[in-house]
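Just below is one structure, and these are the notes that go with it.
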Amino acid sequence: MKARLVLTVILLLAAVTISSWFLYKDDIRKVISPDALQTPDYTLDNFTFNNYTKLGQLDSRIKGIYLEHFPNSSLFRIKQLHFSALQDNRLSWEASANNAKLHEITQVLDLSGLVQILYYTEGEATPIRMRTESMTIYPKHHYAESSQPSFFNFAQGSFESMGGFKIDGKDHTLRMFGGVKGEIEHE
């Protein structure tokens, strides 16, 4: 009789354990699965974000074809990004890329995949054209940088920078680093 009672209790506990597993396995999987962290809480198609100065002037614009927001990492993933920075109501520089990550808290943009930049200099009719594979933009500071090999096309010639570049939109400066080589035409 004692053996029957023990066996019944064990079978009852096993049935409760198995039924609990089937009831809560999806919740457990969400907690332990890294995919749960990579599930967007919302998406946008063909979107535009505008940032304004304190005086109400357009400061920068972020456009894209597709956006996903990941709440656990406060991260936006963007496809086919186009970024524009303005200063004193004129276009300072633009960047486009196949992929981008926008960090919601710091508002830093990490671009990758065929990054193309147009840098407008004062007094020049033709912007400087640049290409690289990845770049980081700090929109609040009108600043961008890349440590990847970069290619530059000026109206007077072209350059290659093996160590990347830095753009400071406030100071209107472009700096190239690491093994810069190129050609320039003199008039």
Applied in sequence order to segment 130-145, the curve 6.51 cos²θ - 1.76 cosθ + 1.60 (Karplus, θ = phi - 60°) yields integer Hz couplings, x standing for Gly and Pro, of 10, 9, 7, 9, 8, 7, 10, 10, 10, x, 5, 9, 6, 9, 9, 8
Can you give me the C-alpha center-to-center distance between segment 165-187 and segment 105-161, rounded to a whole angstrom? 10 Å
Calculate one ³J(HN,Hα) per residue across segment 69-86 by plugging θ = phi - 60° into the Karplus curve 6.51 cos²θ - 1.76 cosθ + 1.60, and present them in order as whole Hz with x for glycine and proline. 10, 10, x, 5, 10, 6, 10, 10, 10, 10, 9, 6, 7, 9, 10, 10, 10, 10
Would you pull out the residues with amide H under 5 Å of Asp59's amide H, same chain only if 5 or more places away, H placed 1.01 Å from N? Asn51, Tyr52, Thr53
Quick one: Karplus J couplings for segment 149-155, per residue in order, coefficients 6.51, -1.76, 1.60, θ = phi - 60°, nearest Hz, x for Gly and Pro? x, 9, 10, 10, 10, 9, 4
Can you list residues whose amide H is under 5 Å from Ser92's amide H, if they're 5+ apart or on another chain and H is modeled 1.01 Å from N? Ala85, Leu86, Gln87
Positive minus negative residues near Asp45 (Lys, Arg vs Asp, Glu; Cβ under 15 Å): +2
Would you compute the Debye intensity of segment 81-187 from its alpha-carbon atoms alone, equal scatterers and no solvent, and pass along log10 I(q)/I(0) at q = 0.12, 0.13 Å⁻¹ to two decimals? -0.38, -0.44
Among 60-70, 76-86, how do they line up by average Cβ neighbours within 10 Å per residue, starting with the highest? 76-86, 60-70
Given Lys101/Lys166; Lys79/Lys170; Lys79/Lys166; Lys101/Lys140; Lys54/Lys79; Lys63/Lys101, which pairs have Cα atoms separated by over 22 Å? Lys79/Lys170; Lys79/Lys166; Lys54/Lys79
Hey, can you grab everything whose amide H is under 5 Å from the amide H of Val180? Only 5+ residues off in sequence or another chain; H modelled, so Pro and N-termini drop out. Met162
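Bear in mind that the values in this text are calculations on the coordinates, not laboratory data. Small disclaimer: the values here were computed from a predicted structure and weren't measured. Glycine gets a Cβ as well: all are built from the backbone with ideal geometry, and neighbour counts include every protein chain shown.
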